[in-house]
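Peer 1: Let me begin by handing over the structure; questions about it come next.
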Amino acid sequence: MNPVRFFFSLTRLGGKALWRWKDLVALAVIGVCWVLARRVYSWDNGVPFDDTRLAWSMQFLDPAWLRETPWRSLWFLHSQPPLFNAYLAAILNLFPGQETRFFALSYRLLGVLLAVSLYGLQRAIGITRFWAVAVTVLVCCAPAALIYERYLFYTYPVAALIAVAGVFAWRFVEKGWRVADGLVLFTLLGALIFTRSMFHPFLWLLPMAAGFCWMAGRGKWRRVALLAAIPMVASLALFTKNAFLFGEFTSSSWLGMSLGKYAVRNMSQDELAAYLTRDDFPAIFAVETFEPVDDYRPYLPRPLAEPTGVPALDADRKATGAANMNHLQFIAASNEFGRGAKIILLNDPGYFLRTFREALIVYSKPATDYVLIALRERPVDPITRWYARIVYGKFGPSPFHYKEIDGWLERQDKHRLEQIGWFLPIYLLLGIGVGVAVALALIRERRRPTGSEFLILFLAFNVLYVSGIGTLLEVGENNRFRYQIEPVLFVLVAAAIQRLAMARTLHRKSPPFWTRWRRRR
């Protein structure tokens, strides 16, 4: 494969070259709006890139371990897939003393990649240049984009990876199943698996790989299967490593902890106390989920094992003072929470239904209504409020309020319907609905999809998958989960509106039904 030729081939999206003057003008408009939004946000408010989470986030290993023993620490990482921590280790070791600058630079590049990908996705589907530019600016200059692009976490990289994967999914189908496009596509899908545990190889990658094989037909399905095997084998190797070292055939050992949080979220203290009196119920529920491991030791069935000699597994706390959620005993604690969650689910599934209702409410909130970024939102609070009203349809109060005495943030206890964006459920229905409509049309007409139709199916599947996992296994951060698919969701909404408009136009041009009936007679 000629790398130079392949690079220039990437500039062809939607069947037309991006260097044609109309597309260049469109990209230039997007670029100007992209730069102005970030300049105004930076100059007026002086908001720097926030990498303070590096020191205390439970998803990250200790920065000292990532600097001194990166390979060893990543090998014994069981709480998270390793890719994002590997990215942190690379920046910390390659640019010592300049970490914040290069974190910020890499996130800016992701923002550019996201903007170009969104424009390309819309042109590939067939959306006009004007609306492609409008939707791209609407997404990439939103307050959520401005904030998450300056916040060191995997939410923004995942959003960009999904959008870029959509571009290569279209190219892979449209350009004749070329190995280069397929290799990039499945590398991106593998990167998502190695970044977030919610992207499961069996539940997420395998259905998409099967769809690509079906689309390729008899002539090319073996090539597609071999390319799809690359991330599948890599993820299975990760799972096998964790099963051999820790007894957990998974990329994250936190599932039980998440289920335990989900089970008791809407349970009163008296109801929980009644469960704790049962002999078969884990006493560990006397402590909240995701607490330091030393709080769980009195309730664990097995005593503390001999130290392994690996700080990432032995240290109760990081050098920064934050709790080490990758401690070896955290696996046993998570399993205990998972066992208790199953007991609650079998005996009182209503608790899960209540939590699911709350998760849906949180999922329908603007992505800026997230407690860990709400303080960073404050400088652009008027812009955020108006954007939420116009784009999301949120007219209620913020779920947070500020203590003016010392500037800290307080959170309201309950998530209420008045806090949601009423347009967001409509967007989800439109985005998933256009995918269902395309699927039904293909079944009715008994044919394989075109490149643009397959792209719609690919994006709709990801929206549906993330929405399902993001509400069934988590409560409290669901709107942050939704932001991972929010950019491509707006692409699907634009596609749905365009198809509805075209259907209405065709309906107007068609003769009245009685005329058609007379012709049949």
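The values are calculated or read from the model by the stated rules, or taken from the named source; none is laboratory data. What you are looking at is a predicted structure, and each value in this text was computed from that prediction instead of being measured. Neighbour counts run over all protein chains shown; Cβ positions are idealised from the backbone, glycine included. Ligands, DNA and RNA are stripped out before the accessible areas are found, and what is left, the full protein with its side chains, is counted by its heavy atoms. Shrake-Rupley method; radii C 1.70, N 1.55, O 1.52, S 1.80 Å.
Peer 1: For a Förster distance of 45 Å, can you work out the FRET efficiency between the beta-carbons of residue 113 and residue 354, rounded to the nearest 0.05? Provide the component values of the computation, followed by the final result.
Peer 2: Working: r = 40 Å, r/R0 = 0.88.
Rounded to the nearest 0.05, the efficiency is 0.70.
Peer 1: Give a residue-ordered list of calculated ³J(HN,Hα) values for the stretch 169-183 (Karplus: 6.51 cos²θ - 1.76 cosθ + 1.60, θ = phi - 60°; whole Hz; x for Gly, Pro).
Peer 2: 5, 5, 4, 4, 6, 6, 9, x, 6, 5, 4, 4, 5, x, 5
Peer 1: Sequence-distant or interchain residues sharing an amide H contact under 5 Å with residue 317, placed H: which?
Peer 2: Hits under the 5 Å cutoff: 324.
Peer 1: Quick one: what do you get for the chain if you divide its Cα Rg by 2.2 N^0.38 Å?
Peer 2: Values: Rg = 24.5 Å, N = 521, 2.2 N^0.38 = 23.7 Å.
That works out to 1.03 for the chain.
Peer 1: For residue 98 paired with residue 130, estimate the spin-label separation in nm (one decimal), with each label point 7 Å from Cα along the Cα-to-Cβ line.
Peer 2: The two pseudo-label positions are separated by 4.6 nm.
Peer 1: How high is the FRET efficiency between residue 395 and residue 277 when r is their beta carbon distance and R₀ equals 60 Å, given to the nearest 0.05?
Peer 2: Numbers: r = 45 Å, r/R0 = 0.75.
Rounded to the nearest 0.05, the efficiency is 0.85.
Peer 1: Here's something else I'd like to know. Could you give each residue of the stretch 333-347 its phi-based ³J(HN,Hα) in whole Hz, using Karplus coefficients 6.51, -1.76, 1.60 with θ = phi - 60°, and x for Gly or Pro?
Peer 2: In residue order, the calculated couplings are 5, 5, 5, 5, 5, x, 5, x, 5, 5, 5, 5, 4, 6, 8 Hz.
Peer 1: If I take the Cα coordinates of the stretch 38-97 and project them onto the principal axes, what are the three extents in Å, biggest first?
Peer 2: On the principal axes, the stretch 38-97 reaches 44, 23, 17 Å in Cα extent.
Peer 1: Considering only protein heavy atoms and a 1.4 Å probe, what is the carbon-and-sulfur percentage of the accessible area of the chain? The partial results should precede the final answer.
Peer 2: On the way: 15950 of 24630 Å².
On the chain, the fraction of accessible area on carbon and sulfur atoms equals 65 percent.
Peer 1: Also, quick follow-up: Given the pairs 175/241; 261/318; 261/365; 22/175, which are separated by over 27 angstrom at their Cα positions? Could you put the intermediate results ahead of the total?
Peer 2: Values: 175/241 37 Å; 261/318 24 Å; 261/365 20 Å; 22/175 23 Å.
The pairs that break the limit, which is 27 Å between Cα atoms, are 175/241.
Peer 1: Same structure, new question: Quote the FRET efficiency, to the nearest 0.05, computed for residue 21 versus residue 237 with a Förster distance R0 of 41 Å and r equal to the Cβ-Cβ distance.
Peer 2: Computed FRET efficiency for residue 21 and residue 237: 0.30.
Peer 1: Across 5 Å bins from the origin, how do the percents of Cα pairs in the stretch 130-175 run, short distances first?
Peer 2: Reading the bins upward from 0: 5, 18, 19, 23, 18, 10, 5, 1.
Peer 1: For residue 302 and residue 446, compute 0.36 nm times the residue count separating them, minus their Cα-Cα distance, and round to one decimal in nm.
Peer 2: Going from the current span to full extension adds 46.1 nm.
Peer 1: If you roll a 1.4 Å probe over the heavy atoms of the protein chains, what accessible area per residue do you get for the stretch 183-311, in Å²?
Peer 2: Numbers: 6340 Å² over 129 residues.
Accessible area per residue: 49 Å².
Peer 1: Which GluC sites (Glu not before Pro) does the stretch 222-303 hold that lie in a coil by DSSP with at most 16 other beta carbons within 10 Å?
Peer 2: On the way: sites: 248, 271, 288; in loops: 248, 288.
Those satisfying the criteria are 288.
Peer 1: Can you give me the long-range amide H partners of residue 151? Hydrogens built in the peptide plane at 1.01 Å from N, cutoff under 5 Å, separation of 5 or more residues or another chain.
Peer 2: Counting only residues 5 or more places away or on other chains, the set is 50.
Peer 1: Accessible area per residue for the stretch 63-131 in Å², computed with a 1.4 Å probe and the full protein assembly in place, what is it? Mind dumping the intermediate values first?
Peer 2: Numbers: 3180 Å² over 69 residues.
Ligands and nucleic acids excluded, the figure is 46 Å² per residue.
Peer 1: Which length gain, in nm to one decimal place, applies between residue 39 and residue 502 when the Cα-Cα distance is subtracted from 0.36 nm times their residue separation? Each step should come with its number before you reach the end.
Peer 2: On the way: separation 463, 0.36 × 463 = 166.68 nm, distance 3.84 nm.
Using 0.36 nm per residue and subtracting the Cα-Cα distance, I get 162.8 nm.
Peer 1: Related question: Karplus couplings for the stretch 87-102 from phi (6.51 cos²θ - 1.76 cosθ + 1.60, θ = phi - 60°), rounded to Hz, Gly and Pro as x?
Peer 2: Karplus values, whole Hz, x for Gly and Pro: 4, 4, 4, 5, 5, 5, 8, 7, 10, x, x, 10, 4, 4, 4, 7.
Peer 1: Can I ask one more? For the chain, what is the calculated [θ] at 222 nm in deg cm²/dmol (nearest 500), taking -39500 (n - 2.57) for each run of four or more DSSP H residues and dividing by its residue count?
Peer 2: That calculation yields -20500 deg cm²/dmol at 222 nm.
Peer 1: Once both labels are modelled 7 Å past Cα along the beta-carbon direction, what's the residue 210-residue 346 spacing in nm?
Peer 2: 2.9
Peer 1: The stretch 428-505: which trypsin sites (Lys or Arg not before Pro) are DSSP loop and have at most 10 other beta-carbon atoms within 10 angstrom? All intermediate terms of the calculation are to be shown ahead of the outcome.
Peer 2: Numbers: sites: 444, 446, 447, 480, 482, 499, 504; in loops: 446, 447.
Passing sites in the stretch 428-505 are 446, 447.
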